[in-house]
Amino acid sequence: KQKRSPAQTTGAVLVLDNKSLTHRPDLWGHYGFAREFAAILKRPLKPIPLAEEWKGGEAAVDVDLEDTEGCSLYFGLRVDLGSPLGASCSQISRRLRAVGVRPHNDLVDLTNYILLELGQPTHAFDFEKVEESKIVVRQARKGESLTTLDGSSRKLREQDLVIADAQKPIALAGVMGGEDSEVREGTSRVLLESGVFHPARVRRSSVAHALRSDASSRFEKGLDPTLAHQALLRFAYLLESIRPEDKILGPPVQAGSVEPV
């Protein structure tokens, strides 16, 4: 057999077909598949590295969880950027491209990386665009609209669950963020969201607005609620090595709770 170079070996991509298992939310992330293989092959599962603790005090974020049926648990993690956003390291950008995800910048790429790794969607807001430093998880109000990240202006339905600031919606919960609060060049302060959203509510909004996303395809399956906090711990762990100049301002602000499974 022809001998492969190390570069060729590390560039291999393993393709897994889970079309018959799409109802399994635990198999919508690479670590979930690793867990499944460990169980089938009776091999130990290597723990995924996470931040061991949160440093600092409470960050100045006010989270009001109005619709607890639509969102039972919400976390907001504040991060101050120590340098301008740039391109991701080659390892992350290469792995994202290998699964068909286009790199954006090193912070947004990190949220997409964790989505694919754990299966838990998170979303980064430009905190400067969050009015009065306030997050409200609520139903949309009559006449409200939102321009989503795909550039489309969407008239919201009153039954839609939205993430809003003190004045207006800034995301369609569990589906897609808003264009106005997008993290982009010049962003210096970020709020990272991670939550537990009602699967049927996410699916109805996704269908009503003809808007499918990587987030909605996972939330509508019903994710393990413990992933919401785990994803933030994973983010903190990776951020320290990828952007060590950034500062996480204490533990995430939490609103709501879920019963242990």
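Axis angle, to the nearest 10 degrees, between helix 227-242 and the longest C-alpha principal axis of the chain: 70 degrees. The mean sequence separation of alpha-carbon pairs under 8 Å and at least six residues apart, normalised by the residue count of the chain, gives a relative contact order of 30 percent.
On C-alpha positions alone, give me the angle between the axis of helix 199-208 and the longest principal axis of the chain, in degrees, nearest 10. So the helix axis and the longest Cα principal axis differ by about 80 degrees. What's the angle, to the nearest 10 degrees (0 to 90), between helix 106-118's Cα axis and the longest principal axis of the chain? Between the helix axis and the principal axis of the chain, the angle is about 70 degrees. For trypsin sites (Lys or Arg not before Pro), the sites in region 56-145 that DSSP calls loop and that have at most 11 other Cβ atoms within 10 Å are 142. Checking every one of the trypsin sites (Lys or Arg not before Pro) in region 159-216 against DSSP loop status and a limit of 16 other Cβ atoms within 10 Å picks out 184, 212. Spin-label model, residue 184 to residue 168: label points 7 Å out along the Cα-to-beta-carbon direction sit 1.4 nm apart.
The distance between label points at residue 237 and residue 150 comes to 3.3 nm (points 7 Å beyond Cα on the Cα→Cβ vector).
Note on residue 134 and residue 116: the extension gain reaches 3.6 nm, defined as 0.36 nm multiplied by sequence separation minus the Cα-Cα distance.
A 1.4 Å probe run over the protein chains yields, for region 90-130, 40 Å² of accessible area per residue, whole-number rounding. Carbon-plus-sulfur accessible fraction, the chain (probe radius 1.4 Å, protein heavy atoms only): 50%. Label positions at residue 87 and residue 158, each projected 7 Å from the Cα along the C-beta direction, are separated by 5.1 nm. Dipole orientation for region 185-230: of the candidates 230, 194, 215, 215 has the Cα lying most toward the positive pole (charges on Cβ; Lys, Arg +1; Asp, Glu -1).
Give a quick list of GluC sites (Glu not before Pro) in region 45-100 that DSSP marks as loop, anything other than H, G, I, E or B, with at most 12 other Cβ atoms within 10 Å.
Numbers: sites: 52, 53, 58, 66, 69; in loops: 52, 53, 58, 66, 69.
In loop regions of region 45-100 (DSSP not H, G, I, E or B), the sparsely surrounded GluC sites (Glu not before Pro) are 52, 53, 58, 69.
Computed over region 7-99, the range of Cα coordinates on each principal axis works out to 45, 38, 25 Å, biggest value leading. Computed over region 95-146, the alpha-carbon pair-distance distribution with 5 angstrom bins reads 4, 14, 19, 18, 16, 14, 11, 4, 1, each value a whole percent.
Would you work out the charge dipole size for region 31-117 about its Cα centre, treating the Cβ of every Lys and Arg as +1 and the Cβ of every Asp and Glu as -1, and quote it to the nearest 20 debye? Write down the numbers at each step before the final one.
Values: 10 positive and 13 negative charges, 205 e Å.
Dipole of region 31-117, to the nearest 20 debye: 980 debye.
For Kirkwood radius over Cα pairs in Å, the candidate list reads (1) 19.2; (2) 23.4; (3) 20.6; the entry that matches the value derived from this model is (1). By the Kirkwood approach, averaging reciprocal distances over each pair of separate Cα atoms, region 125-261 gets a hydrodynamic radius of 15.9 Å.
Here the chain is assigned +1 on the Cβ of each Lys and Arg and -1 on the Cβ of each Asp and Glu. Its dipole about the Cα centre then comes out at about 1520 debye.
If you take every residue apart from residue 207 with its C-beta less than 14 Å away from the C-beta of residue 207, what net charge results, scoring Lys and Arg +1 and Asp and Glu -1? Could you put the intermediate results ahead of the total?
Numbers: positive: 154, 157, 201, 203, 204, 212; negative: 160, 220.
Result for the local shell: +4.
Return the aspartates and glutamates within reach of residue 134: Cα separation strictly under 14 angstrom, same-chain partners fewer than 8 residues apart disregarded; answer none if there are no such residues. Qualifying aspartates and glutamates at Cα under 14 Å: 62, 64, 66, 126, 165, 193.
The values are calculated or read from the model by the stated rules, or taken from the named source; none is laboratory data. Owing to the predicted nature of the structure, the values given are computational and were not obtained by experimental measurement. Glycine also receives a Cβ, built like all others from the backbone with ideal geometry; neighbour counts cover every protein chain displayed. Side chains included, ligands, DNA and RNA excluded: accessible areas come from the protein's heavy atoms. Shrake-Rupley method; radii C 1.70, N 1.55, O 1.52, S 1.80 Å.
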